[in-house]
Amino acid sequence: MTYNKKGDYNLLNLACGAKISSIGNWVNIDFSSPLKNVVQMNVLKGIRFPSMSFDVVYSAQFIEHLTLSQAEFVLKEVKRILKGNGILRIVTPDLEEIVQSYLYYLDLVKTGNNAIDTKKYDWIRIELFDQIVRDQTGGEMLTFIAKCDEQMQSYLSDRLDYSFKSLSATELEEEDTTFFNNLGKLKKASSLLRKLLLLFDSNLVKIGRFRTSGEVHRYIHDYYSLSRILSASGFSAVTRVDPYTSSILNWEIYGLDVINKMVDGPKCLYVEARKC
(Lines give C-alpha, C1' and ligand atoms only; values in the text may rest on other atoms or scores of the structure.)
Protein backbone atom coordinates (compact mmCIF):
# COMPACT_ATOMS: atom_id res chain seq x y z
CA MET A 1 0.00 0.00 0.00
CA THR A 2 1.02 3.58 -0.56
CA TYR A 3 0.25 6.73 1.38
CA ASN A 4 -1.16 9.83 -0.22
CA LYS A 5 0.10 13.33 0.57
CA LYS A 6 -2.06 13.50 3.70
CA GLY A 7 -0.50 10.32 5.04
CA ASP A 8 -3.74 8.36 4.66
CA TYR A 9 -4.74 5.39 2.59
CA ASN A 10 -7.23 5.94 -0.21
CA LEU A 11 -10.26 4.11 1.16
CA LEU A 12 -13.57 3.23 -0.52
CA ASN A 13 -16.72 2.30 1.41
CA LEU A 14 -18.80 0.41 -1.14
CA ALA A 15 -22.60 0.49 -0.68
CA CYS A 16 -22.04 2.24 2.62
CA GLY A 17 -25.62 2.82 3.72
CA ALA A 18 -25.55 4.94 6.86
CA LYS A 19 -22.36 3.29 8.16
CA ILE A 20 -19.53 5.69 7.40
CA SER A 21 -16.35 6.66 9.20
CA SER A 22 -15.35 10.21 10.09
CA ILE A 23 -11.71 9.10 10.33
CA GLY A 24 -9.52 8.53 7.29
CA ASN A 25 -9.56 9.39 3.62
CA TRP A 26 -12.82 7.61 2.82
CA VAL A 27 -14.91 7.88 -0.31
CA ASN A 28 -18.42 6.62 0.45
CA ILE A 29 -20.66 5.41 -2.36
CA ASP A 30 -24.18 4.00 -2.49
CA PHE A 31 -27.04 3.74 -4.94
CA SER A 32 -29.01 6.37 -3.02
CA SER A 33 -28.34 8.23 0.21
CA PRO A 34 -29.62 11.30 2.07
CA LEU A 35 -26.12 11.88 3.46
CA LYS A 36 -24.16 14.71 1.86
CA ASN A 37 -20.81 12.94 1.92
CA VAL A 38 -22.04 9.89 -0.01
CA VAL A 39 -21.56 9.67 -3.77
CA GLN A 40 -24.63 8.20 -5.46
CA MET A 41 -23.65 5.48 -7.89
CA ASN A 42 -25.16 2.35 -9.45
CA VAL A 43 -22.21 -0.01 -9.16
CA LEU A 44 -24.00 -2.62 -11.26
CA LYS A 45 -23.16 -0.36 -14.18
CA GLY A 46 -19.54 -0.04 -13.09
CA ILE A 47 -17.61 1.70 -10.32
CA ARG A 48 -16.88 5.11 -11.78
CA PHE A 49 -13.31 5.61 -10.59
CA PRO A 50 -10.03 5.25 -12.49
CA SER A 51 -8.14 1.99 -12.27
CA MET A 52 -5.80 1.61 -9.28
CA SER A 53 -7.44 4.45 -7.30
CA PHE A 54 -7.77 2.85 -3.87
CA ASP A 55 -5.66 1.01 -1.34
CA VAL A 56 -8.67 -0.46 0.48
CA VAL A 57 -12.26 -1.30 -0.45
CA TYR A 58 -14.68 -2.10 2.38
CA SER A 59 -18.14 -3.54 1.83
CA ALA A 60 -20.54 -4.58 4.59
CA GLN A 61 -23.98 -6.17 4.18
CA PHE A 62 -24.02 -5.70 0.42
CA ILE A 63 -22.85 -8.75 -1.50
CA GLU A 64 -25.81 -10.80 -0.23
CA HIS A 65 -28.08 -8.42 -2.17
CA LEU A 66 -26.44 -9.44 -5.46
CA THR A 67 -26.88 -12.47 -7.64
CA LEU A 68 -23.73 -14.49 -8.27
CA SER A 69 -23.25 -12.93 -11.71
CA GLN A 70 -23.78 -9.41 -10.32
CA ALA A 71 -21.35 -10.11 -7.49
CA GLU A 72 -18.67 -11.31 -9.88
CA PHE A 73 -19.10 -8.18 -12.01
CA VAL A 74 -18.80 -5.88 -8.98
CA LEU A 75 -15.81 -7.79 -7.59
CA LYS A 76 -13.98 -7.49 -10.91
CA GLU A 77 -14.66 -3.75 -10.82
CA VAL A 78 -13.31 -3.64 -7.26
CA LYS A 79 -10.16 -5.41 -8.41
CA ARG A 80 -9.76 -2.87 -11.22
CA ILE A 81 -9.93 0.16 -8.93
CA LEU A 82 -7.66 -1.34 -6.26
CA LYS A 83 -3.96 -0.59 -6.32
CA GLY A 84 -1.46 -3.42 -6.49
CA ASN A 85 -1.69 -5.62 -3.39
CA GLY A 86 -4.75 -3.61 -2.28
CA ILE A 87 -7.15 -5.12 0.24
CA LEU A 88 -10.85 -5.90 -0.07
CA ARG A 89 -12.74 -6.47 3.18
CA ILE A 90 -16.24 -7.98 3.01
CA VAL A 91 -18.79 -8.44 5.79
CA THR A 92 -21.88 -10.52 5.01
CA PRO A 93 -24.31 -12.93 6.72
CA ASP A 94 -22.72 -16.34 7.25
CA LEU A 95 -24.85 -19.11 5.75
CA GLU A 96 -22.88 -21.83 7.55
CA GLU A 97 -23.46 -20.26 10.97
CA ILE A 98 -27.14 -19.65 10.26
CA VAL A 99 -27.66 -23.26 9.13
CA GLN A 100 -25.79 -24.64 12.15
CA SER A 101 -27.95 -22.51 14.48
CA TYR A 102 -31.09 -23.58 12.63
CA LEU A 103 -30.23 -27.28 13.00
CA TYR A 104 -29.33 -26.79 16.67
CA TYR A 105 -32.68 -25.20 17.56
CA LEU A 106 -34.56 -27.58 15.29
CA ASP A 107 -33.23 -30.51 17.33
CA LEU A 108 -34.27 -28.74 20.54
CA VAL A 109 -37.83 -28.01 19.45
CA LYS A 110 -38.29 -31.56 18.11
CA THR A 111 -37.34 -33.09 21.46
CA GLY A 112 -38.82 -30.53 23.84
CA ASN A 113 -41.45 -27.85 24.27
CA ASN A 114 -39.41 -24.93 25.57
CA ALA A 115 -41.01 -21.62 24.54
CA ILE A 116 -37.76 -19.66 24.33
CA ASP A 117 -36.13 -22.35 22.14
CA THR A 118 -39.16 -22.19 19.85
CA LYS A 119 -38.78 -18.41 19.53
CA LYS A 120 -35.08 -18.77 18.76
CA TYR A 121 -35.93 -21.37 16.13
CA ASP A 122 -38.47 -18.94 14.62
CA TRP A 123 -35.88 -16.16 14.55
CA ILE A 124 -33.25 -18.26 12.78
CA ARG A 125 -35.81 -19.19 10.13
CA ILE A 126 -36.50 -15.48 9.66
CA GLU A 127 -32.79 -14.77 9.25
CA LEU A 128 -32.47 -17.52 6.68
CA PHE A 129 -35.68 -17.29 4.65
CA ASP A 130 -37.51 -14.05 5.32
CA GLN A 131 -34.70 -11.81 4.13
CA ILE A 132 -34.74 -13.68 0.81
CA VAL A 133 -38.48 -14.05 0.23
CA ARG A 134 -39.91 -10.95 1.97
CA ASP A 135 -42.17 -8.63 0.00
CA GLN A 136 -41.83 -5.50 2.10
CA THR A 137 -39.19 -3.49 3.94
CA GLY A 138 -38.10 -5.20 7.15
CA GLY A 139 -40.12 -8.33 6.42
CA GLU A 140 -41.01 -10.34 9.52
CA MET A 141 -37.95 -9.12 11.43
CA LEU A 142 -39.43 -5.86 12.65
CA THR A 143 -42.71 -7.47 13.70
CA PHE A 144 -40.86 -10.23 15.54
CA ILE A 145 -38.58 -7.79 17.38
CA ALA A 146 -41.51 -5.59 18.40
CA LYS A 147 -43.09 -8.56 20.20
CA CYS A 148 -39.91 -9.82 21.92
CA ASP A 149 -39.81 -10.25 25.68
CA GLU A 150 -36.66 -9.41 27.67
CA GLN A 151 -35.23 -12.90 27.30
CA MET A 152 -35.48 -12.83 23.52
CA GLN A 153 -34.21 -9.26 23.39
CA SER A 154 -31.14 -10.42 25.28
CA TYR A 155 -30.65 -13.29 22.80
CA LEU A 156 -30.99 -10.98 19.80
CA SER A 157 -28.71 -8.41 21.37
CA ASP A 158 -26.03 -11.10 21.79
CA ARG A 159 -26.61 -12.32 18.25
CA LEU A 160 -26.80 -8.96 16.48
CA ASP A 161 -25.18 -6.56 18.98
CA TYR A 162 -25.00 -3.09 17.36
CA SER A 163 -27.32 -4.10 14.52
CA PHE A 164 -30.06 -4.91 17.02
CA LYS A 165 -30.51 -1.20 17.69
CA SER A 166 -31.13 -0.34 14.07
CA LEU A 167 -33.50 -3.28 13.58
CA SER A 168 -35.48 -2.18 16.60
CA ALA A 169 -36.31 1.12 14.89
CA THR A 170 -39.36 1.40 12.67
CA GLU A 171 -38.62 1.35 8.97
CA LEU A 172 -41.02 2.79 6.42
CA GLU A 173 -41.11 1.81 2.79
CA GLU A 174 -40.98 4.71 0.38
CA GLU A 175 -42.83 3.79 -2.77
CA ASP A 176 -42.12 5.31 -6.15
CA THR A 177 -45.56 6.41 -7.36
CA THR A 178 -44.39 9.03 -9.84
CA PHE A 179 -45.55 7.09 -12.88
CA PHE A 180 -49.04 6.54 -11.55
CA ASN A 181 -49.36 10.10 -10.24
CA ASN A 182 -48.49 11.38 -13.68
CA LEU A 183 -51.23 9.33 -15.33
CA GLY A 184 -53.73 12.01 -14.44
CA LYS A 185 -51.70 14.50 -16.47
CA LEU A 186 -51.98 12.45 -19.65
CA LYS A 187 -54.84 14.44 -21.14
CA LYS A 188 -54.70 12.51 -24.39
CA ALA A 189 -55.00 9.12 -22.68
CA SER A 190 -58.50 7.70 -22.82
CA SER A 191 -60.43 6.97 -19.64
CA LEU A 192 -60.32 3.24 -20.42
CA LEU A 193 -56.55 3.29 -20.93
CA ARG A 194 -56.01 5.06 -17.62
CA LYS A 195 -58.19 2.51 -15.85
CA LEU A 196 -56.30 -0.37 -17.43
CA LEU A 197 -52.94 1.11 -16.48
CA LEU A 198 -54.05 1.79 -12.93
CA LEU A 199 -55.01 -1.86 -12.57
CA PHE A 200 -51.30 -2.61 -12.69
CA ASP A 201 -50.77 -0.52 -9.56
CA SER A 202 -51.91 -3.53 -7.59
CA ASN A 203 -50.34 -5.32 -4.67
CA LEU A 204 -48.71 -7.72 -7.14
CA VAL A 205 -46.98 -4.85 -8.95
CA LYS A 206 -45.90 -3.29 -5.66
CA ILE A 207 -44.35 -6.59 -4.66
CA GLY A 208 -42.60 -6.81 -8.00
CA ARG A 209 -41.19 -3.31 -7.64
CA PHE A 210 -39.98 -4.14 -4.13
CA ARG A 211 -38.44 -7.46 -5.16
CA THR A 212 -36.37 -5.71 -7.82
CA SER A 213 -35.44 -2.73 -5.64
CA GLY A 214 -32.24 -4.31 -4.26
CA GLU A 215 -33.46 -4.66 -0.65
CA VAL A 216 -33.91 -8.42 -0.50
CA HIS A 217 -31.09 -10.92 -0.22
CA ARG A 218 -30.35 -12.63 -3.52
CA TYR A 219 -27.66 -14.99 -2.25
CA ILE A 220 -26.22 -15.94 1.15
CA HIS A 221 -22.57 -16.93 1.25
CA ASP A 222 -20.54 -19.28 3.37
CA TYR A 223 -16.77 -18.99 3.51
CA TYR A 224 -16.29 -21.52 0.72
CA SER A 225 -18.67 -19.84 -1.72
CA LEU A 226 -17.28 -16.37 -1.01
CA SER A 227 -13.70 -17.61 -1.36
CA ARG A 228 -14.54 -19.24 -4.67
CA ILE A 229 -16.13 -16.16 -6.21
CA LEU A 230 -13.29 -13.95 -4.94
CA SER A 231 -10.73 -16.26 -6.54
CA ALA A 232 -12.73 -16.36 -9.78
CA SER A 233 -12.75 -12.54 -9.78
CA GLY A 234 -8.97 -12.35 -9.55
CA PHE A 235 -8.28 -12.02 -5.82
CA SER A 236 -5.73 -13.97 -3.84
CA ALA A 237 -4.81 -14.54 -0.18
CA VAL A 238 -8.47 -14.95 0.75
CA THR A 239 -8.58 -15.09 4.54
CA ARG A 240 -11.29 -15.39 7.15
CA VAL A 241 -10.92 -12.72 9.81
CA ASP A 242 -13.10 -11.31 12.60
CA PRO A 243 -14.49 -7.87 13.51
CA TYR A 244 -11.34 -6.97 15.45
CA THR A 245 -8.60 -8.19 13.11
CA SER A 246 -7.52 -6.98 9.70
CA SER A 247 -4.58 -6.64 7.36
CA ILE A 248 -5.65 -3.02 6.94
CA LEU A 249 -3.32 -0.83 8.97
CA ASN A 250 -4.98 0.56 12.11
CA TRP A 251 -8.35 -0.87 11.08
CA GLU A 252 -9.81 -0.39 14.55
CA ILE A 253 -9.62 3.41 14.37
CA TYR A 254 -12.28 3.61 11.66
CA GLY A 255 -15.10 2.24 13.82
CA LEU A 256 -16.93 0.41 11.04
CA ASP A 257 -17.17 -3.15 12.35
CA VAL A 258 -16.86 -2.32 16.05
CA ILE A 259 -18.94 0.73 16.92
CA ASN A 260 -18.93 2.11 20.46
CA LYS A 261 -17.42 -1.20 21.61
CA MET A 262 -20.28 -3.14 19.98
CA VAL A 263 -19.80 -5.44 17.02
CA ASP A 264 -22.00 -4.71 14.04
CA GLY A 265 -22.91 -8.30 13.19
CA PRO A 266 -20.98 -10.64 15.52
CA LYS A 267 -22.27 -13.74 13.70
CA CYS A 268 -21.41 -12.43 10.25
CA LEU A 269 -18.75 -13.71 7.88
CA TYR A 270 -15.66 -11.44 7.74
CA VAL A 271 -13.33 -12.04 4.81
CA GLU A 272 -10.34 -10.19 3.34
CA ALA A 273 -8.59 -10.71 0.04
CA ARG A 274 -5.82 -9.02 -1.93
CA LYS A 275 -5.60 -7.94 -5.51
CA CYS A 276 -3.39 -10.41 -7.35
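The values are calculated or read from the model by the stated rules, or taken from the named source; none is laboratory data. What you see is a predicted model; the values in this text were computed from it and never measured. Here the Cβ positions follow ideal geometry from the backbone for every residue, glycine too, while neighbour counts run over all protein chains shown.
Within the stretch 133-153, which residues are surrounded by 14 or more Cβ atoms within 10 Å (Cβ to Cβ) and in a helix (DSSP H, G or I)?
Across the stretch 133-153, the qualifying residues are Gly139, Glu140, Met141, Leu142, Phe144, Ile145, Met152.
Considering only residues that are at pLDDT 90 or above and of a type in the set (S, T, N, Q), look in the stretch 11-35 and name the one that is farthest from Gly46 (Cα to Cα).
Out of the qualifying residues, it is Ser22.
Report every pair of residues separated by at least 6 positions or lying on different chains whose Cβ atoms are under 7 Å apart, first residue within the stretch 219-243 and over 25 Å from Asp264 (Cα atoms), second among the acidic types (Asp, Glu).
Cβ pairs passing all conditions: Ala232/Glu72; Ser233/Glu72.
Check Asn113 against each of (1) part of a loop (DSSP other than H, G, I, E, B); (2) under 29 Å from Glu72 (Cβ atoms) and name the one condition it does not meet.
Condition (2) is where Asn113 drops out.
Can you tell which of Leu183, Leu167, Leu204 is surrounded by fewer than 14 Cβ atoms within 10 Å (Cβ to Cβ) and at pLDDT below 85?
Of Leu183, Leu167, Leu204, the one residue that is surrounded by fewer than 14 Cβ atoms within 10 Å (Cβ to Cβ) and at pLDDT below 85 is Leu204.
Among (1) out of contact with any Asp or Glu (no Cβ under 6 Å at 6 or more places or on another chain); (2) not in a loop (DSSP other than H, G, I, E, B), which single condition is Pro34 missing?
(2)
State whether one or more residues within the stretch 72-94 are in contact (Cβ under 8 Å) with a residue 40 or more places away in the chain, more than 25 Å from Glu127 (Cα to Cα), in a strand (DSSP E or B) and touching a helix residue (DSSP H, G or I) at 6+ places or on another chain (Cβ under 7 Å).
yes
Which of the residues spanning the stretch 253-275 are outside any strand (DSSP E or B) and either in contact with a helix residue (DSSP H, G or I) (Cβ under 8 Å, 6 or more places away or on another chain) or at pLDDT 95 or above (or both)?
Ile253, Tyr254, Gly255, Leu256, Asp257, Asn260, Gly265, Pro266, Lys267, Cys268 - these are the residues of the stretch 253-275 that are outside any strand (DSSP E or B) and either in contact with a helix residue (DSSP H, G or I) (Cβ under 8 Å, 6 or more places away or on another chain) or at pLDDT 95 or above (or both).
What single numbered condition from (1) without any contact (Cβ under 8 Å) to a residue 40 or more places away in the chain; (2) surrounded by fewer than 13 Cβ atoms within 10 Å (Cβ to Cβ) fails to hold for Thr67?
Against the list (1) without any contact (Cβ under 8 Å) to a residue 40 or more places away in the chain; (2) surrounded by fewer than 13 Cβ atoms within 10 Å (Cβ to Cβ), Thr67 comes up short only on (1).
Could you please find all residues in the stretch 41-61 being surrounded by 21 or more Cβ atoms within 10 Å (Cβ to Cβ) and aromatic (Phe, Trp, Tyr)?
Of everything in the stretch 41-61, those that are surrounded by 21 or more Cβ atoms within 10 Å (Cβ to Cβ) and aromatic (Phe, Trp, Tyr) turn out to be Phe54, Tyr58.
Looking at the stretch 42-52 only, could you name the residues that are more than 16 Å from the chain's Cα centre (by Cα) and closer than 13 Å to Ala15 by Cβ?
Of everything in the stretch 42-52, just one residue is more than 16 Å from the chain's Cα centre (by Cα) and closer than 13 Å to Ala15 by Cβ, namely Ile47.
Quick one: is Gly86 touching an Asp or Glu at 6+ places or on another chain (Cβ under 9 Å), in the same structural domain as Gly265 (by TED's automatic domain parsing) and on the phi > 0 side of the Ramachandran plot?
Values: touching an Asp or Glu at 6+ places or on another chain (Cβ under 9 Å): yes; in the same structural domain as Gly265 (by TED's automatic domain parsing): yes; on the phi > 0 side of the Ramachandran plot: no.
So Gly86 fails the test.
Tell me the residue from Leu249, Leu198, Leu230 that is in a helix (DSSP H, G or I), of a type in the set (A, V, I, L, M, F, W, C) and at pLDDT 70 or above, please.
Only one candidate qualifies: Leu230.
Can we say Tyr105 is more than 23 Å from Thr137 (Cβ to Cβ) and either part of a loop (DSSP other than H, G, I, E, B) or out of contact with any strand residue (DSSP E or B) (no Cβ under 6 Å at 6 or more places or on another chain) (or both)? Reasoning before the result, please.
Working: more than 23 Å from Thr137 (Cβ to Cβ): yes; either part of a loop (DSSP other than H, G, I, E, B) or out of contact with any strand residue (DSSP E or B) (no Cβ under 6 Å at 6 or more places or on another chain) (or both): yes.
Criteria met by Tyr105.
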